[in-house]
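Below you'll find the structure, written out as structure tokens, and then a few comments.
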Amino acid sequence: MQVLWAILVFLAAVVFAAGPVLFPGFNGFDPSAFPIPQDNPPVQPAGYAFAIWGLIYLWLIAGTGFGLFRRADDPDWQPHRQPLFISLAVGVVWLPVAQISPIAATAMIWVMLVTALLALFRTGDMDRWLQVSPLAIYAGWLTAASSVSIGLLLAGYGLLGPTPSALVALAIALVIALVVQYRLHRAPLYGITVIWALVAVIVANTAPLNIAVVGLSVVGIFAILALRGTDTE
């Protein structure tokens, strides 16, 4: 059974990484998919930030592949595999759903986030660069992406204005990020990935300048860095 989970999670990582090829054409939620079209919403990071998916895909394949071929039956690698498989399996079908329904895609990405965080917390102490680090950047980006989805729904359905929606989304992301990083000091790439997303939000809101969104993002970056500065590991 241990070897089976190692195989399943590796295959899930490979298919997950193939998603953009299997379901091409997704460049974010269609602005017209919302009752109030979301053209250049302040919650959305600058486009360059999404290039991190390439790193995430490759590192997940490398990590799960190493886990399969070198650590298939190692007890240190076992606990995180089941929740990671669930997260990746949901991620496999996320892209086609996101092209149809932002609401369903938002629900799914939160499932991906919760299970990815559970997997991250269950990682062992061995082979951190191949066991912990891929999950750290994966969960870190999902923390940002899932919160952005909430902001888009709030603004897209007229529940809040664009800037208040962005502030709520950023606040959600920062609360999650600070709690996770405080509880899991051995995964610094998690916080660094969230910072990557926050910097991209700042870049997207500099012209024209959205002081509230930029200000909260800057505060969030310094809060994560300050928390990292307390690490003893």
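The set of residues in the stretch 163-202 being outside any helix (DSSP H, G or I) and among the basic types (K, R) consists of R186 alone.
In the stretch 30-59, the residues that are under 12 Å from P134 (Cα atoms) reach residues that are surrounded by 20 or more Cβ atoms within 10 Å (Cβ to Cβ) and of a type in the set (V, I, T) with C-beta atoms within less than 9 angstrom, at least six apart or across chains, in these pairs: I52/I137; I52/T193; L55/I137; I56/I137; I56/T193; W59/I137.
Among the conditions (1) in contact (Cβ under 8 Å) with a residue 12 or more places away in the chain; (2) exposed (fewer than 15 other Cβ atoms within 10 Å of the Cβ); (3) under 21 Å from the mean Cα position of the chain (by Cα), V3 misses just one, which is (3).
Among residues of the stretch 185-207 that are on the phi < 0 side of the Ramachandran plot, those with a beta-carbon under 7 Å from a residue that is among the polar types (S, T, N, Q) and surrounded by 18 or more Cβ atoms within 10 Å (Cβ to Cβ) at least six positions away or on a different chain give the pairs L189/S133; Y190/Q181; G191/Q181; V194/T143; L198/S217; V201/S217; I202/S217; A204/Q44. Starting from residues that are at pLDDT 95 or above and in a helix (DSSP H, G or I), keep the ones in the stretch 14-47 and report whichever is farthest from G158 (Cα to Cα). Filtering first and then ranking leaves V14.
All of (1) surrounded by fewer than 17 Cβ atoms within 10 Å (Cβ to Cβ); (2) assigned to a helix (DSSP H, G or I) hold for T64 with one exception: (1).
Matching residues to (1) surrounded by fewer than 22 Cβ atoms within 10 Å (Cβ to Cβ); (2) within 27 Å of L135 (Cβ to Cβ):
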position	(1), (2)
G161	yes, no
V175	yes, yes
I192	yes, yes
L198	no, yes
A204	no, yes
I211	yes, no
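The sole residue among N40, N27 that is of a type outside the set (G, A, S) and on the phi > 0 side of the Ramachandran plot is N40.
The values are calculated or read from the model by the stated rules, or taken from the named source; none is laboratory data. Keep in mind that this is a model prediction, so the values were computed, not measured. Counting neighbours? That spans all protein chains shown, and the Cβs are built from the backbone with ideal geometry, glycine included.
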